[in-house]
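Encoded as structure tokens, the structure appears first; notes follow it.
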Ligand SMILES: [Zn+2]
């Protein structure tokens with residue numbers, strides 16, 4: 001899996017996290033994600049970089065996600081630190097879930113809503129396969145990192161809407177069914193689980209060793225805050241822990 005870090009530092013959502021605007025942000029930053037939500041972009045644009053450029057603006061206040069998966073290369077463009085609160089699901093899932101967008105093939109022609117026609121099905125299926133496979137790898141990595149059970153923690157935006165934790169959207173299942181593929185989110189979750197097991201991960205979460213990196217320890221809180229501020233410039237996921 002190729003991971004490219006390109007944070008949307010100008011996006012108002014990133015700024016709200018940086019300022020630790022309220023407890024929804026600080027809770028997410030302290031605790032990390034408890035779920036992972038899969039989206040697809042809903043337009044015929046395979047390039048993750050195009051979204052990164054479009055969304056990395058101070059006036060782009062509609063949405064912010066943790067990653068885009070490029071349709072041409074399968075590369076993961078990470079656009080928020082994993083422990084930042086995103087604006088992706090239009091509901092309470094933003095307080096708990098990482099949001100990841102699959103980019104879509106350029107040969108789709110969208111009609112109204114989530115329906116589209118396909119100009120080159122083989123090409124489109126190749127893109128959908130590439131993004132799904134990269135998403136399996138990414139979600140396996142995140143499940144491992146945050147000790148999440150893929151069968152419980154992973155939902156699609158569509159499923160989140162049905163559960164009442166997200167807005168009523170059809171992605172990404174509309175992409176797969178619109179291409180005539182019989183892929184389901186249950187298949188996706190199983191693929192992530194299999195991938196985790198193939199990596200030799202302990203199937204029971206919470207029992208794996210965790211390696212933290214410490215860069216300072218102080219009795220004076222102000223000194224600790226100053227060190228944290230310095231560290232955050234390069235490592236936005238750095239945090240302070242009182243013992
Ligand atoms: Zn969505």
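Looking at the structure I just gave you, is residue 66 within 10 Å of the chain's Cα centre (by Cα) and away from the ligand (no atom under 12 Å from the Cβ)?
Against the criterion (within 10 Å of the chain's Cα centre (by Cα) and away from the ligand (no atom under 12 Å from the Cβ)), residue 66 qualifies.
Given the options 223, 211, name the one that is outside any helix (DSSP H, G or I) and under 26 Å from residue 27 (Cβ atoms).
211
Mind counting the residues in region 156-189 that are touching a strand residue (DSSP E or B) at 6+ places or on another chain (Cβ under 8 Å) and more than 16 Å from the ligand (Cβ to nearest atom)?
Looking only at that region, the number is 2.
For a quick check of your reading of the model, give me the residue pairs whose first member lies in region 113-131 and is assigned by TED's automatic domain parsing to the domain that holds residue 158, whose second is at pLDDT below 95 and not in a helix (DSSP H, G or I), with beta-carbon atoms closer than 9 Å and at least 6 apart or on different chains.
117/111
For every residue, the table says whether it meets (1) touching a helix residue (DSSP H, G or I) at 6+ places or on another chain (Cβ under 6 Å); (2) within 16 Å of the ligand (Cβ to nearest atom).
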{"residue": "100", "(1), (2)": "no, yes"}
{"residue": "106", "(1), (2)": "no, no"}
{"residue": "109", "(1), (2)": "no, no"}
{"residue": "114", "(1), (2)": "yes, yes"}
{"residue": "118", "(1), (2)": "yes, no"}
{"residue": "132", "(1), (2)": "no, yes"}
{"residue": "137", "(1), (2)": "no, no"}
{"residue": "151", "(1), (2)": "yes, no"}
{"residue": "154", "(1), (2)": "yes, yes"}
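Mind counting the residues in region 166-189 that are in contact (Cβ under 8 Å) with a residue 40 or more places away in the chain, assigned to a helix (DSSP H, G or I) and within 20 Å of the chain's Cα centre (by Cα)?
Here the count works out to 5.
Report, by residue number, each residue of region 41-76 that is at pLDDT 95 or above and under 24 Å from residue 26 (Cα atoms).
Scanning region 41-76 gives 55, 56, 57, 58, 59, 60, 63, 64, 65, 66, 67, 68.
Evaluate the following for residue 85: is it part of a loop (DSSP other than H, G, I, E, B) and either closer than 17 Å to residue 5 by Cα or within 16 Å of the ligand (Cβ to nearest atom) (or both)?
yes
Collect the residues in region 159-173 that are surrounded by 22 or more Cβ atoms within 10 Å (Cβ to Cβ) and within 18 Å of residue 103 (Cα to Cα), keeping them in residue-number order.
172
Tell me whether region 96-116 contains one or more residues that are at pLDDT 95 or above and in a helix (DSSP H, G or I).
no
Of the conditions (1) within 15 Å of the ligand (Cβ to nearest atom); (2) not in a helix (DSSP H, G or I), residue 147 fails just one. Which one is it?
Of the numbered conditions (1) within 15 Å of the ligand (Cβ to nearest atom); (2) not in a helix (DSSP H, G or I), the odd one out for residue 147 is (1).
Out of curiosity, is residue 124 over 21 Å from residue 64 (Cα atoms) and at pLDDT 95 or above?
For residue 124, the condition - over 21 Å from residue 64 (Cα atoms) and at pLDDT 95 or above - is met.
Do the conditions hold for residue 142, that is, is it more than 16 Å from the ligand (Cβ to nearest atom), in contact with a strand residue (DSSP E or B) (Cβ under 8 Å, 6 or more places away or on another chain), assigned to a helix (DSSP H, G or I) and in the same structural domain as residue 69 (by TED's automatic domain parsing)?
yes
The values are calculated or read from the model by the stated rules, or taken from the named source; none is laboratory data. Just so we're clear, the structure is a prediction, and the values are computed from it rather than from any experiment. Note: ideal-geometry Cβ built from the backbone for every residue, glycine included; neighbour counts use all protein chains shown.
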